[in-house]
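The values are calculated or read from the model by the stated rules, or taken from the named source; none is laboratory data. Note that the structure is a prediction, hence the values are computed from the model and not measured. Using ideal geometry, Cβ is built from the backbone for each residue, glycine included, and neighbour counts are taken over all protein chains shown.
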Amino acid sequence: MSKKFIILKDLCYDGYNGFAWHQHEQKGDSMSINSDRFKQVMGNYPTGVTIVTTADEHGTPFGMTVNSFASVSLEPTLILWSIDKRANSYDVFTQTKRFAVHILASDQADLAVRFATKGIDRFALSKWEWSAYRLPILSDVAGVLQCQTYQTIEAGDHMILIGEVIAIEDYGKKPLLYHKRTFGEIHPSFYANNK
């Protein structure tokens with residue numbers, strides 16, 4: 001049986017679910033990179049769930065569900081997330097000076113779905129208030145990171161937004177998880193070996 005060798009180089013941000021190894025195949029290998037295989041592999045990578053919010057120049061709130069979220073740096077304190085260039089709120093988020101990342105609690109799957117649904121007034125159906133930085137802040141979440149835009153980076157069909165954290169709220173709630181298009185919470189047995 002002949003073996004197929006793949007050289008793995010460059011851990012790259014994928015713009016969807018986190019990070020992925022960029023594959024460089026040796027000559028003669030019949031494997032290929034395609035979007036279906038990519039989505040299948042990344043869909044098997046569990047993530048937390050966030051909602052990112054901001055406001056436009058007229059004070060209209062905008063928000064969307066995001067799971068392409070990660071920490072970047074401690075000095076300065078930086079985080080990142082990515083937005084599809086086809087998103088209706090793309091211009092608002094890529095031009096804003098500030099945004100807020102909400103880490104959703106385990107009982108907020110409905111909120112995650114709401115902020116991923118098109119054609120509805122997401123904020124009219126949700127409990128929220130303005131922060132001192134004039135950002136729309138959703139209630140009952142696990143945590144909030146208010147950020148000022150630090151850098152934007154074009155990456156394929158997405159834009160990566162890097163934010164410098166300017167305010168943190170941590171409410172100590174269990175987080176909402178996302179895996180294979182399903183929401184859930186961390187099972188208590190996950191922590192069994194830590195006792």
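Among the residues of segment 161-183, just one is within 13 Å of the chain's Cα centre (by Cα) and among the small types (Gly, Ala, Ser), namely 163. Inside segment 98-139, residues that are in a loop (DSSP other than H, G, I, E, B), within 14 Å of residue 52 (Cβ to Cβ) and either among the basic types (Lys, Arg) or touching a His at 6+ places or on another chain (Cβ under 6 Å) (or both) make up a count of 1.
Among the residues of segment 62-93, those that are under 25 Å from residue 43 (Cα atoms), of a type in the set (S, T, N, Q) and touching a residue at least 40 places away in the same chain (Cβ under 8 Å) comprise 65, 67, 68, 82. Kindly establish whether residue 108 is surrounded by fewer than 19 Cβ atoms within 10 Å (Cβ to Cβ) and either at pLDDT 95 or above or on the phi > 0 side of the Ramachandran plot (or both). Criteria not met by residue 108.
Residue-by-condition table, conditions (1) closer than 25 Å to residue 178 by Cβ; (2) modelled with pLDDT of 50 or more; (3) outside any strand (DSSP E or B); (4) more than 17 Å from the chain's Cα centre (by Cα):
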{"residue": "17", "(1), (2), (3), (4)": "yes, no, yes, no"}
{"residue": "22", "(1), (2), (3), (4)": "yes, no, no, yes"}
{"residue": "29", "(1), (2), (3), (4)": "no, no, yes, yes"}
{"residue": "33", "(1), (2), (3), (4)": "yes, yes, yes, yes"}
{"residue": "39", "(1), (2), (3), (4)": "yes, yes, yes, no"}
{"residue": "51", "(1), (2), (3), (4)": "yes, yes, no, no"}
{"residue": "54", "(1), (2), (3), (4)": "yes, yes, no, no"}
{"residue": "59", "(1), (2), (3), (4)": "no, yes, yes, yes"}
{"residue": "64", "(1), (2), (3), (4)": "yes, yes, no, no"}
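Within the group 70, 87, which residue is in contact with a helix residue (DSSP H, G or I) (Cβ under 8 Å, 6 or more places away or on another chain) and of a type in the set (A, V, I, L, M, F, W, C)? Going through 70, 87 in turn, just one is in contact with a helix residue (DSSP H, G or I) (Cβ under 8 Å, 6 or more places away or on another chain) and of a type in the set (A, V, I, L, M, F, W, C): 87.
Restricting to segment 75-96, give me the number of residues that are among the hydroxyl-bearing types (Ser, Thr, Tyr), in a helix (DSSP H, G or I) and closer than 11 Å to residue 64 by Cα. The total comes to 1.
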